[in-house]
1. Between the range 400-427 and the range 506-520, what is the C-alpha centre distance in whole Å?
2. Can you tell me what the convex hull of the Cα atoms of the range 241-407 projects to on average, as an area in nm²?
3. Calculate the spin-label point distance for residue 77 paired with residue 243, positioning each point 7 Å from the Cα along the beta-carbon direction, and give it in nanometres.
4. Could you tell me which of the pairs 387/416; 387/450; 450/505 are separated by over 24 angstrom between their Cα atoms in the structure shown?
5. Over the alpha-carbon set of the chain, work out the extent along each principal axis and list the three values in angstrom, largest first.
6. Whole-Hz ³J(HN,Hα) for each residue in the range 377-393, computed from phi via Karplus 6.51 cos²θ - 1.76 cosθ + 1.60 with θ = phi - 60°, x for glycine and proline: what do you get?
7. Amide H of residue 386: which non-local residues (sequence gap of 5 or more, or other chain) have their own amide H closer than 5 Å, using H built in the peptide plane?
8. Determine Rg/Rh for the range 69-141; Rg is computed over alpha-carbon atoms and Rh is the Kirkwood hydrodynamic estimate from the same atoms.
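Read the figures in this text as sums done on the coordinates, not as results from a lab. Just so we're clear, the structure is a prediction, and the values are computed from it rather than from any experiment. Glycine gets a Cβ as well: all are built from the backbone with ideal geometry, and neighbour counts include every protein chain shown.
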Amino acid sequence: MKKLMRLFRGPAALAALAGVAAAAVVLSVAELLGAFFTARATPLIALGSTFIDFTPPWLKDFAIATFGTNDKAALFAGMGLTIFVLACVLGVVAHRRWALGATGVLFMGAVIVAGVVTRAGVRPLDAVPSLVGTVAGMVVLRLLVSRLWRLRAFPASPADVSAKAPERPAASRRAFVAATGITAAAAGIAATGGRLLSAARSNVAQARESLRLPAPVLPAAAVPAGVQSATPGVTPWLTPGKDFYRIDTALSVPEIKAEEWELRVHGLVEEEVRLTFQDLLDADLVESHVTLTCVSNPVGGNLAGNARWLGLPLREVLKRARPTAGADMVLSTSIDGFSASTPLEVLQDGRDAMLAIGMNGEPLPLEHGYPVRMVVPGLYGFVSATKWVVDLEVTRFADSKAYWTQRGWSERGPIKTMARVEVPKSFAVVPAGRVAVGGTAWAQTRGITKVEVQIDDGDWAEAVLSAEASVDTWRQWSFDWDATPGSHYLKVRATDGTGEVQTEKRADPVPDGASGWQSVMVTVE
Ligand SMILES: Nc1nc2c(c(=O)[nH]1)N[C@H]1C(S)=C(S)[C@@H](COP(=O)(O)O)O[C@H]1N2
Ligand SMILES: [Mo]
């Protein structure tokens, strides 16, 4: 405790502490009030989302490569640190020159409000929590800073307060630290309360739980026996919803009430179509296994998942809207402003592209797009798999650009053929003798017809393919390796249904997906 007090002895340190307490008040008041407004409109979420929107592709890629699906936690940590530093600076400035500090706080408040009101689907009224939070933070900062001015030890002060009787430095320093501590604790409680209150007020999760999905008129083709790789430890062929990779720009998962959901289909169409969730429940739904893949998946990465999707074929929706001549793209937009450009012909060519409402027999999990998302076999998610979809505009590639295309990624994204080694893991140490090797390969809409393994510079040897459920799903494989002591490299490559061998040419995920052969180093003892 003594040590801690010593740390906060200097006037600047105490002023910085005041700044941090004030920032905590801004955020927690906004969080608490935010429970009564749109979740995406609280300062941290809104600023973080704005930051994500301005993230250049290389940084997005770096974040995914470094933090994987923890990229959001990393973003929040980075934001926390930035806010901490800014708050310290503002506290110090406010202590020395109040007017300057106050201007700084107002400026930060303006930045927050701008971040909030420019989010898609956010109403102007949603700025209220941030505004009230900023005012509360300003008041707290003023109170704490004037306390500091009264400390005789730090006569850094304007004349109006120096007239008052000075307090005893040590005691008042302690009182000051206690006051900021209490402020911070109160802020923490308020923020937690806000969180709990928002959770209680949102009943979307409960509504999802009690939703019963209709049976499909066209069930998914039966999954043949033996789709799972014979090698123990290979990914389950069907990915449970809770293990399904999640990639999106949404810092807070949109919560859409199914009964309020509506999809507008418009643009270059003969007839504008509007669909409600009830319309989907009443429609002829189909079910199909489709493997989704993220364009950001590095060679050997795990941003892919395979599920059984239930939904309304998009070609049926388009049949009703009747696209006009010249249209070549459908721009799908989510409630939070993400968009994807999907070639019109892909949505009409007979593949199981759908407006999905079910995943593995359950309503879509909230983070996977509840109540409705798009699923399109054969295309990376960024140009096809719009979650929380609310708008389909039939348009032309020449006329509109989707979210990631505006940020340097390609406008189209067919999935590249990819084979992955899952067992043994890279840098594994295994005993000499027979080693079971296995993994997964995919080339959606073309299918996988061959997987080959190469040990060091040896000949390519064919792996045993597991059963294929459909050309739209991934296909697993296994391989018996007679391992000799030493360090070895295992390479893998797949051949797709058109006979084309996966390219050896290395490419980064930007702009249209990674390519190359995965190579795994294994030590045999
Ligand atoms: N609304 C919304 N939908 C989105 C995205 C997004 O950022 N926002 N990301 C897309 C990307 S890049 C991928 S790979 C898939 C991932 O879907 P999943 O999270 O269900 O696995 O969603 C797509 N749909
Ligand atoms: Mo993606």
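1. Centre-to-centre distance over Cα atoms comes out at 8 Å.
2. Projected over every direction and averaged, the Cα hull of the range 241-407 covers 9.3 nm².
3. Placing both labels 7 Å along Cα→Cβ, they lie 2.6 nm apart.
4. Checking Cα-Cα distances, 387/450 exceed 24 Å.
5. 88, 68, 43
6. x, x, 10, 4, x, 5, 10, 7, 9, 3, 8, 6, 6, 10, 8, 10, 10
7. It is 374, by chain and number.
8. Numbers: Rg = 14.0 Å, Rh = 13.6 Å.
On the Cα set of the range 69-141, Rg over Rh gives 1.04.
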